[in-house]
Amino acid sequence: MTENFIPIHDLSGLLTGQILISAPHVQDPDFEKVVIYVCGHDVQGAMGIIVNKHLGDLTLSGLLDHLSFSQDKLEHDLPIYFGGPVEPGRGFILHSDEFSHPGTLVLGNRVALTATLEILKAISEGEGPEHCLLAMGYVVWEAGQLDEEIQTPRWILSKTDPSLLFHTRAERKWRGTLTTLGISPEHFSEEIGRA
């Protein structure tokens, strides 16, 4: 095991800024082989963004074009991710925390979240965050729901590594994160649920 793995007995109850990896046996089409960044977790519930599923062929450039934002200073195009099944028309940007704007939430471990058009305008003008991940939609858990789910073998919990969010290809995030934790998907025990 590595230091990124969070044993079940170390949970503080607040998982904001952590990563959830769906266990290999999960077959729910919305959550099979997903990696979720937990953006908020408290007694009222939790909210997260799936960070390893592209939303078809949609890209930042296409979105900026749709919004009629100039792209003259856009440094590079980015894919748009399927953040989850809730409000799929609502956009979020996970980004490095050196960028701050009214409405930006700093989530810890050098990661922040902004969900305003102003950040898209800043990105289009070459003044946005150094690293970012764009997503449409999100995942939500009711009060106590995530707390119960993480006690089962459905989820594997890990500390966040910003390089996973911003520098790892989407199709490598699920297996790569498990491998980093010393977990082989082929040898994962559904009954134990933790490596």
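Search the structure for amide H atoms under 5 Å from the amide H of L134, placed 1.01 Å from N in the peptide plane, and list their residues when 5 or more places away or on another chain.
The list, which skips near neighbours in sequence, is Y81.
Could you work out how far apart the two model spin labels at E130 and L14 are, taking each label as a point 7 Å from the Cα in the direction of the beta carbon, and quote it in nm?
2.7 nm
Calculate, for S70 and V106, the FRET efficiency according to 1/(1 + (r/R0)^6) with r their C-beta to C-beta distance and R0 30 Å; round to the nearest 0.05.
0.60
Could you give each residue of segment 129-142 its phi-based ³J(HN,Hα) in whole Hz, using Karplus coefficients 6.51, -1.76, 1.60 with θ = phi - 60°, and x for Gly or Pro?
Taking θ as phi minus 60°, the curve returns x, 5, 10, 7, 9, 9, 9, 10, x, 7, 10, 9, 10, 6 Hz for segment 129-142.
Please report, in whole Å³, the volume per residue of the convex hull around the C-alpha atoms of segment 45-89.
Value for segment 45-89: 104 Å³ per residue.
Quickly rank 66-73, 124-131, 16-23 as a protection proxy: mean count of other C-beta atoms within 10 Å, highest first.
Put in order of decreasing packing, that is 16-23, 124-131, 66-73.
What percentages make up the Cα-Cα pair-distance distribution of segment 122-178 when the bins are 10 Å wide from 0?
In order of increasing distance, the bins hold 16, 36, 35, 12, 2 percent.
List the residues whose amide H sits under 5 Å from the amide H of C39, counting only those 5 or more places along or on another chain, with H placed 1.01 Å from N in the peptide plane.
G17, M47, G48, I49
Whole Å is fine, so just give me how far the alpha carbon centre of segment 79-131 lies from that of segment 36-61.
11 Å
Over the residues of the chain, compute the C-alpha Rg and express it relative to 2.2 N^0.38 Å.
1.02
Within the set K121/K173; K73/K173; K33/K53, which residue pairs have Cα atoms separated by over 18 Å?
Too far apart for the 18 Å limit: K121/K173; K73/K173.
What ³J(HN,Hα) values, in whole Hz, does the Karplus curve 6.51 cos²θ - 1.76 cosθ + 1.60 give for segment 33-45 when θ = phi - 60°, with x put for Gly and Pro?
So the Karplus estimates, Gly and Pro as x, are 6, 9, 10, 10, 8, 7, 7, x, 8, 8, 5, 8, x Hz.
Under the Karplus relation 6.51 cos²θ - 1.76 cosθ + 1.60, θ = phi - 60°, what is the ordered set of whole-Hz ³J(HN,Hα) values for segment 163-173, x standing for Gly and Pro?
So the J values, rounded to whole Hz, are 5, 5, 5, 9, 10, 9, 4, 3, 6, 9, 5.
Tell me the mean residue ellipticity at 222 nm calculated for the chain from its helices only (DSSP H runs of n ≥ 4, each -39500 (n - 2.57), averaged over every residue, nearest 500).
It lands at -5000 deg cm²/dmol.
Values in this text are rule-based calculations from the coordinates and carry no lab data. Just so we're clear, the structure is a prediction, and the values are computed from it rather than from any experiment. Cβ coordinates were reconstructed from backbone atoms using ideal geometry, including for glycine residues, and neighbour counts include every protein chain displayed.
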